[in-house]
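Let me begin by presenting the structure, written as structure tokens, before commenting on it.
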Amino acid sequence: MDTEAMTARKKQLRTELRGRRSRTYGGEVGGARRAREAQQLIDHAAPLLAQVREAALAAADGGDGGRAPLVAAYHPSPLEADVMPLVDELVAAGARMIFPASAGHRLEWITWDGRSPFLPSPGRGFGPEPDGERLGPDALADALLVLTPAVAVDRSGTRIGHGAGYYDRALSAAGADTRVVTVIHPDELLEAGALPCGEHDVPIPAVLTAGGLVRLITIEGS
């Protein structure tokens, strides 16, 4: 598939997937479903929380220079899977949280103290961001865990985002041992090969949904 055809196909898929998401999670009934599934995300994230707790305990004993484990998350839109209750659990487990912010061509990462309110972003299309310390665009190199959003992911590890390529660029800076998990709704985990994959698309090794934490088959050679 050439670049122009792939771009057109991705645009079509985004429209279809966003429409389905709106029908499923919009309105009062959809909002109640999203709230229930947010709690299920916490249950299925037990291995992630355990990893963060273990790293936090090691840091308290002087490991990693005494620094608490760094975890990246995002502030979801009203129709995305609600990751914020899980973020609260990560904070309680001892994580230092960072969130993305608009910074030109790349994402910049800002610390969150676990209590302060989020503020509107000056960047178009960006969700609220914390008013913390700015760590620059390469902060993921030190992250233990990165939670990313997506419109959908297929079982071959291909992720489709919102079209600007921010997360593909950001994840290219993640550390070799950084655990990357994309958080989506259950019906947004698609069959292998369902999404077109370009040369700049970074494969996703795992997804978290209200149905479970799923390890994916990554794309060979990516």
Legend entry - Placed amide H near residue 190: partners under 5 Å, 5+ positions off or other chain: 153, 154, 155
Inset, instruction - Output the relative contact order of the chain, whole-number percent, from Cα pairs under 8 angstrom with separation of 6+ residues. - result: 19 percent
Legend entry - Charge dipole magnitude, Cβ of K and R +1, D and E -1 - the chain, Cα centre, debye nearest 20: 580 debye
Inset, instruction - Taking only the C-alpha atoms, wrap a convex hull around the stretch 89-220 and report its volume per residue in Å³ as a whole number. - result: 119 Å³
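Please return the longest range in the chain lying between exposed loop sites, taking GluC sites (Glu not before Pro), DSSP loop only, at most 10 other beta-carbon atoms within 10 Å, and leaving the sites out.
Formally, the longest exposed-site-free interval is 1-190.
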Inset, instruction - Determine ³J(HN,Hα), in whole Hz, for all residues of the stretch 44-54 in sequence, where each value follows from phi through the Karplus function 6.51 cos²θ - 1.76 cosθ + 1.60 and θ = phi - 60°; x replaces Gly and Pro. - result: 6, 8, 3, x, 5, 5, 5, 5, 5, 4, 4
Legend entry - Kirkwood hydrodynamic radius of the stretch 54-104, from inverse mean 1/r over distinct Cα pairs, in Å: 12.2 Å
Inset, instruction - Give the residue from 12, 94, 110 lying farthest towards the positive end of the charge dipole for the chain; charges sit on Cβ (+1 for Lys and Arg, -1 for Asp and Glu) and the dipole is referred to the Cα centre. - result: 12
Inset, instruction - Please report, to two decimal places, log10 I(q)/I(0) for the stretch 144-222 at q = 0.11, 0.12, 0.18 Å⁻¹ as given by the Debye formula with identical point scatterers on the Cα atoms and no solvent. - result: -0.23, -0.28, -0.65
Legend entry - In Å, descending, principal axis extents of the Cα set of the stretch 18-86: 49, 19, 15
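In the stretch 40-134, what is the volume of the convex hull around the alpha carbon atoms, normalised per residue and reported in Å³?
108 Å³
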Legend entry - Accessible area per residue, Å², the stretch 50-89 with all protein chains present, probe 1.4 Å: 46 Å²
Legend entry - Distance histogram for the chain (every C-alpha pair counted, 5 angstrom bins, percent rounded to whole numbers): 1, 7, 14, 19, 21, 18, 12, 5, 2, 1, 0
Inset, instruction - For residue 129, list long-range residues whose amide hydrogen, built 1.01 Å from N in the peptide plane, is under 5 Å from its own amide hydrogen. - result: 119, 121
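The values are calculated or read from the model by the stated rules, or taken from the named source; none is laboratory data. The model shown is predicted, which means the values in this text are computed figures rather than measured ones. Here Cβ is always computed from backbone atoms with ideal geometry, including for glycine, and neighbour counts include all displayed protein chains. Note: areas computed on protein heavy atoms with side chains; ligands, DNA, RNA excluded. Shrake-Rupley method; radii C 1.70, N 1.55, O 1.52, S 1.80 Å.
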